[in-house]
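Remarks on the structure that follows.
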Amino acid sequence: MGYDDPGRDAPVEPSSGVPISGVPASVVEHGFDDPAHGEPGRDRVGVHVAWELVLAAGLAVLTWLLWRDGPAALRGDGLRVLLVDVVAVGLLVLAAGLSLRTAAVNLAVGPVAVAAALHVAEQGDRGVEVALGHAAAVAALGGLVVGLAVVVLHVPGWAASLAAAAGVVVYIQRRADPVLVQAGYDPRENAFHLFAGFAAVAVLGGLFGAIHPVRRLVGRFRPVADPARRRGAVATTVVLAAFVTSTVLAMLAGVLLATNADGPIVPTEGLGWTALAVGAALLAGTSAYGRRGGIFGTVLAVSLVTVLFTWVEARGWTVSRWVVGGAALGAGLVITRLVEAYGRPRPADGDPEARPHGDGPISSGWSVARPAPVDDWPTVPPTRADDPPADPWDTPRWDSPPQRWDSGDQ
């Protein structure tokens, strides 16, 4: 059972009032992400800022290369198409990043996006609003079902969502031929507004995620001891909301991909989109373990990936989404290690309230152990083995002059 009220539900020692974790309740309330485990203090954001500067530099280089080899993509209609692509990929990355933050990643986002694109392409002649409403309802219901499977059975999110992705792939495979888009909506007319809205949502989400209570709330499902241990009602609610929201965001990404396409929608399994979305989310600075993440990283990583594809197309090359997604996943795992190593709370050596007391881990990874109890001092000094038994009333005490005790015969 999880701890829903930090500092109050944690078991304490009757004699001292200190939780069994070895940390005072006041520190648990204000510093820990879990009452029984964790480290006092707030996560450091310096590692995220440093990495986001690297992403910004990489985006600047790729933008210059695109301007040199395909300047039409950065002007007029080409720029509008590019911005809509950024928003579509960005919604997928937001979906993956949100579920990553809750430590229950949703691997069905790619197939959901492809299925939504096919649905809108087929049913768009009935009106974009009708097709979008049906897709949103199915996506929300599907996300709720998968989320319930995760929290009721308390199983890893990747396993449950992968099973859901398999079901969506079966729906996609029922269509063998490409589907022409029947919808009359053109998102390029609102490309700048869509991009501004996506950037605002991504940055504001990162800012709220940096607030300690919000970060602690969102990352409550992250395991701290036995991964099979339930994390409580708060973690259940957060995971359910994350699965529903991420699935709906993936559906919206599919709608934009369909309406921004110049040709028919080709049925694909969509797992390549999942690899790209999760890889870009990790590349943005979101930890694979959940809870930790950056501020501007999502906008920068999404822009970098989209500009990369556009530049490759301008050069006349062909690069698979699996290649870019796999490279992003590999780099993202390294970023996760950096985020977890350098984003941890800074140890406060001079503050006794900022360091665990008694048995338990401290920030440096060492353990502090309570001293073993010392037996009572003997009432009489040791005697030689060959001495006759001494009368206890005549035995000298410790306050007598020191004597030399030699072992063996003289």
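Under the Kirkwood approximation for Rh and a Cα-based Rg, what ratio Rg/Rh is obtained for the range 61-182?
1.06
Can you check what the net charge comes to around Ser99, using other residues whose Cβ is under 13 Å from the Cβ of Ser99 (Lys, Arg +1; Asp, Glu -1)?
For residues surrounding Ser99, the net value is +3.
Could you tell me, in Å, what Rg and Dmax come out for the Cα atoms of the range 121-182?
Taking only Cα atoms of the range 121-182, I get Rg and Dmax of 14.6, 42 Å.
Below 8 Å, C-alpha to C-alpha, sequence gap of six or more: please give me the relative contact order for the range 46-342 in percent.
35 percent
Using only the alpha carbons, work out the radius of gyration and Dmax of the range 177-235 in angstrom.
19.8, 52
Provide the gained length on full extension for the span Arg229 to Leu79, in nm with one decimal, where the gain is 0.36 nm per separating residue minus the Cα-Cα distance.
Gain on extension, Arg229 to Leu79, equals 49.1 nm.
Measure of size requested: the Rg and Dmax of the range 134-262, with Cα atoms as the atom set and Å as the unit; please supply both.
Rg then Dmax for the range 134-262, in Å: 17.8, 52.
How far apart, in nanometres, would the label points at Thr237 and Val203 be if each is projected 7 angstrom from Cα along the Cα-to-Cβ direction?
If labels sit at Thr237 and Val203, their model points lie 3.1 nm apart.
Among Val130, Val47, Val234, which comes first, then next, by fewest other beta-carbon atoms within 10 Å?
Val130, Val234, Val47
Order these by the 10 Å Cβ neighbour count, fewest first: His154, His48.
With the sparsest Cβ surroundings first, the list reads His154, His48.
Can you check how the C-alpha radius of gyration of the range 46-342 compares to 2.2 N^0.38 Å, as a plain ratio?
For the range 46-342, the normalised Cα radius of gyration is 0.96.
Computed from the coordinates by the stated procedures, all read-outs in this text should not be read as laboratory data. Here the structure is a predicted model, which is why all the values come from computation and not from measurement. Note that each Cβ is placed from the backbone with ideal geometry, even for glycine, and that neighbours are counted across all protein chains shown.
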